[in-house]
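In what follows, a single structure is set out as structure tokens and then discussed.
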Amino acid sequence: MKRLLEGKVAVVTGSGQGVGRGIALLLAKQGARVVTNNRKPKGKSRPVSEFRAVALGGSALSYNETESDRLNKLSGDAESTAQEIVNAGGEAVACYADILDWDSSGQLIQTAVDSFGRIDILVNNAAGLGFGPFQELTREDWSYQVDAKLTGAFNCMKHAVPHMINQGYGRILNTASDAWTGIASLSAYAAANAGLVALTKSTAKELFPAGITVNAFCPQAESPGHLSFKATLRTALEQKGAEIVVDEDRMKASEAAHGPAENLTFLAYLASVEASNISGAVFSITGGGDIALYSEPAHTSQIRKEGEAWTMEELRRAVPAGLLRDYVSIARNREF
């Protein structure tokens with residue numbers, strides 16, 4: 001039986017470890033030839049916890065024994081992921097390239113063309129992770145999180161899209177996060193992902209006539225970033241002297257959702273010919289098997305006045321009674 005992605009060529013940024021590694025493996029399992037990528041070989045890259053420590057004022061993170069063991073097993077680089085694919089009988093080449101650099105990102109896409117003759121699938125997965133209060137966010141923190149998501153995706157898409165247009169076929173998958181809806185203490189990361197969602201929807205409308213689909217997905221799966229986030233949150237609470245009360249049911253549900261990234265099989269479907277009518281969508285998917293589709297943004301209420309502009313007195317009456325009749329303030333519905 002022919003595999004779903006047989007003959008297709010994929011580039012997966014940030015695929016040396018974590019979610020990106022899992023995506024590269026699952027695409028290869030479905031027959032795709034894969035170019036794996038991260039910025040530098042293992043041992044020369046920025047530690048996954050480094051930015052998070054910045055958000056904690058430079059304090060070192062505290063990993064428990066289980067987390068440390070999982071972190072070591074999940075860590076790797078482009079070469080180790082490519083070798084894993086080859087060992088399993090697939091085809092893959094590694095490309096160390098900084099996608100924030102215009103020429104390097106071009107080299108990454110060209111590696112696919114030079115090695116396999118084309119590029120059919122681009123997964124923009126590279127990210128800069130961060131967690132901490134907005135008041136403690138620095139310009140460096142902001143750039144680290146926003147640039148990897150937005151500038152990196154832009155660079156890779158600009159280099160890949162001309163090839164896809166010439167082929168009359170392309171699949172672009174942008175790794176976003178549920179944080180795009182707005183989560184406290186993730187302001188830069190949330191902004192980066194919201195921007196990526198907007199980029200996805202805009203380019204989807206432009207590129208669909210050329211046979212190219214663009215979709216975003218918000219994954220939950222086991223990764224160094226997930227482990228680092230848990231350690232960061234725990235360290236932050238310990239710094240503040242807060243008592244840590246674990247909701248066992250919620251913890252079990254979270255761990256079940258963060259299953260192996262190789263379980264995100266839906267992404268292989270989105271990258272296939274069969275998904276040619278799906279574009280501009282945003283999905284939430286988990287390693288535990290849940291797949292959800294976000295609704296399209298829409299006005300929920302409206303007030304109108306023709307002729308003269310609204311007076312302040314009119315607005316004071318119409319806004320509470322009409323425009324915001326069913327509105328619930330974010331201050332009463334916060335997420336932490």
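The values are calculated or read from the model by the stated rules, or taken from the named source; none is laboratory data. Keep in mind it's a predicted model, so treat the numbers as computed, not measured. Note: ideal-geometry Cβ built from the backbone for every residue, glycine included; neighbour counts use all protein chains shown.
Values computed for the structure shown
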{"read-out": "Which numbered condition Ala268 misses (of (1) modelled with pLDDT of 95 or more; (2) farther than 24 Å from Ala198 by Cα; (3) of a type in the set (Gly, Ala, Ser))", "value": "(2)"}
{"read-out": "Selection within segment 3-45 - touching a helix residue (DSSP H, G or I) at 6+ places or on another chain (Cβ under 6 Å), over 19 Å from Val113 (Cα atoms) and of a type in the set (Lys, Arg)", "value": "Arg21"}
{"read-out": "In segment 305-332, the residues that are surrounded by fewer than 10 Cβ atoms within 10 Å (Cβ to Cβ) and at pLDDT 95 or above", "value": "Ala309, Met312, Glu313"}
{"read-out": "Among the residues listed as Ala204, Ala216, Ala160, Ala184, the single one being in contact (Cβ under 8 Å) with a residue 60 or more places away in the chain, more than 18 Å from Ser105 (Cα to Cα) and surrounded by 24 or more Cβ atoms within 10 Å (Cβ to Cβ)", "value": "Ala216"}
{"read-out": "Check on Val328, of a type in the set (Val, Ile, Thr) and over 30 Å from Phe208 (Cα atoms)", "value": "yes"}
{"read-out": "Criterion: modelled with pLDDT under 95, among the hydrophobic types (A, V, I, L, M, F, W, C) and either assigned by TED's automatic domain parsing to the domain that holds Glu262 or over 24 Å from Ala271 (Cα atoms) (or both) - qualifying residue of Leu25, Leu71", "value": "Leu71"}
{"read-out": "Criterion: touching a residue at least 40 places away in the same chain (Cβ under 8 Å), closer than 17 Å to Asp103 by Cβ, assigned to a loop (DSSP other than H, G, I, E, B) and touching a strand residue (DSSP E or B) at 6+ places or on another chain (Cβ under 9 Å) - qualifying residue of Ala153, Ala126", "value": "Ala126"}
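Residues are listed down the side, and each one gets a yes or a no for (1) of a type in the set (D, E, K, R); (2) surrounded by fewer than 19 Cβ atoms within 10 Å (Cβ to Cβ); (3) closer than 28 Å to Val146 by Cβ:
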| site | (1), (2), (3) |
| --- | --- |
| Thr81 | no, no, yes |
| Glu84 | yes, yes, no |
| Gly89 | no, yes, no |
| Ala97 | no, no, yes |
| Ser105 | no, no, yes |
| Ala112 | no, no, yes |
| Ser115 | no, yes, no |
| Ile119 | no, no, yes |
